[in-house]
1. Over the chain, what is the percentage of antiparallel beta bridges among all DSSP beta bridges, to the nearest 5?
2. Which net charge results for the neighbourhood of Arg240, defined as the other residues with beta-carbon distances under 14 angstrom from its beta-carbon, given Lys and Arg at +1 and Asp and Glu at -1?
3. On alpha-carbon atoms, Rg over Rh for the stretch 295-388 using Kirkwood Rh?
4. Is there a quick way to get the dipole size of the chain? I mean about its Cα centre, with the Cβ of Lys and Arg at +1 and of Asp and Glu at -1; what is the value in debye to the nearest 20?
5. Using Cα-only point scatterers and the Debye equation, what is log10 of I(q)/I(0) for the chain at each q in 0.13 Å⁻¹, rounded to two decimals?
6. Largest first and to the nearest Å, give the Cα extent of the stretch 5-197 along each principal axis.
7. Hey, what number do you get for the chain at 222 nm if only DSSP H runs of n ≥ 4 count, each worth -39500 (n - 2.57), divided across all residues, to the nearest 500?
8. Under 11 Å from the Cβ of Val287, count the other residues' Cβ atoms, weight Lys and Arg +1, Asp and Glu -1, and hand me the total.
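What follows is calculated from the coordinates using simple rules that are stated; it is not laboratory data. The structure presented is a predicted model; accordingly, all values stated were derived computationally and were not measured. Ideal geometry is used to build each Cβ from the backbone, glycine not excepted, and the neighbour counts take in all protein chains shown.
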Amino acid sequence: MSLKLDEVSRFSVPLGVRDPLTEIVGLAKRWDLKGRGGAGFPFSQKLLAVAENSSRLVRPSVVVNATESEPLSFKDRFLLTYYLDLVLEGAVLCARALSSSSIYLVTHADVDNSLELVEAVRRFGDATRVKIEVVLTPSALVSGQETSVVAAVNGESRPLPRMQPPRVSISGVKGRPTLLSNAETYARLAQARRIELSGGSHDGTGSLSYLGTVHLKTGESYIVDSDPSISVSDILESLRAPVNDSSIYLVGGYFGRFYRSIDPRLRSALSVPKNSQGVGFGAGLVVEIDRHGCISGEVAFLSRWLSLQSAGQCGPCKKGLPQVADEFEQLVLGGGGDREKILRWTAQIRGRGGCALPDSVCDLLESFFKVAPDEVRVHQSGACQRPYQRQFEELHRDFDWDTASHGV
Ligand code: SF4
């Protein structure tokens with residue numbers, strides 16, 4: 001049985017569980033639930049790691065990361081608006097499994113209707129007799145990194161990423177072991193339990209759908225809740241925008257990669273991991289970029305914007321990212337930027353930040369050079385005649401997520 005979010009949210013289920021840790025870990029294992037924030041780490045392992053580091057004297061915390069730092073991704077806001085109960089239900093199940101009495105929901109301070117959100121969370125907490133605290137954090141890309149989220153819960157005025165270890169499963173909120181996962185992951189845990197309680201199973205017929213945000217080059221944007229057996233190509237087809245040669249595709253968001261239309265990974269199932277020929281759906285963001293416009297200009301905007309998100313703590317990030325963005329801009333403007341130099345720098349920067357931000361710029365630029373090898377030559381010779389369409393700039397400004405639909 002495959003029930004999507006809108007179907008499972010219609011019925012109510014008891015939250016009591018007899019042997020909660022065994023049952024919830026078993027549930028996550030049966031459904032092969034992986035984190036939906038981008039990293040894709042097995043959720044059962046995360047739960048067990050927190051349980052192993054906890055005791056009666058050292059109670060863990062449960063944190064729902066609904067910060068959705070990527071400016072074009074809207075699935076967390078969608079979940080908080082339409083499926084808040086499922087998100088909180090998953091968090092409460094985990095808190096009971098871990099004997100935790102501290103649950104935090106962290107979201108951006110500029111989220112629409114934050115007062116209503118706080119009130120809705122309070123109502124859910126009263127009904128289930130658990131205390132859930134809403135924590136608002138600044139709207140910055142790095143404030144969604146897990147150590148930044150912990151810093152926000154700890155009340156730091158500038159919640160920034162910190163180097164790990166220790167991992168937050170050992171020392172997170174107030175130094176206690178902390179289960180921290182993305183809002184969708186908790187909603188999927190609740191979804192899996194509801195499917196089982198309604199007689200469904202994971203045995204090949206059951207599946208947990210994937211939430212994503214899709215931006216088409218026409219300017220239309222959608223939230224999609226997709227079966228894991230379908231591909232990015234299927235999603236685009238269903239939106240009447242089939243994969244085509246006049247576009248390239250950013251998949252996985254700002255921590256993802258660019259793909260050409262002929263890339264077979266666009267046609268592999270969403271559930272196939274990135275390192276085994278999967279597309280790396282990651283945070284679920286897909287952007288169709290129009291090749292009739294200057295796609296190098298679009299990438300220059302992205303690399304500059306990402307370089308400005310640095311928290312300025314690590315040298316390779318603070319100094320390296322602006323250098324890379326400068327060089328790429330030179331290349332786009334026909335001012336002598338050097339592709340080989342950029343690739344040398346990205347190799348030096350990779351893996352040397354305290355968080356994933358520098359690697360995201362490396363992945364984006366390296367994959368762009370692969371999907372559009374002629375771009376460098378055209379720009380270096382000053383021959384690019386295509387207009388800069390400001391596709392990403394407009395999306396940063398304009399996405400009206402109220403118009404989005406879901407259910408692919
Ligand atoms: S890599 Fe950049 S954003 Fe990440 S912790 Fe270091 S300075 Fe901050």
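1. Values: 17 of 37 bridges.
Expressed as a percentage, antiparallel bridges in the chain total about 45.
2. Neighbour charge sum, excluding Arg240 itself: -3.
3. Using only Cα positions, Rg/Rh for the stretch 295-388 is 0.97.
4. On the way: 46 positive and 47 negative charges, 290 e Å.
Computed about the Cα centre, the dipole is about 1400 debye.
5. With one equal scatterer per Cα and no solvent, log10 I(q)/I(0) is -1.11.
6. Extents along the principal axes: 42, 35, 30 Å.
7. Calculated at 222 nm, the ellipticity per residue is -11500 deg cm²/dmol.
8. On the way: positive: Lys217; negative: Glu70, Glu288, Asp290, Glu298.
Once all neighbours under 11 Å are counted, the net charge is -3.
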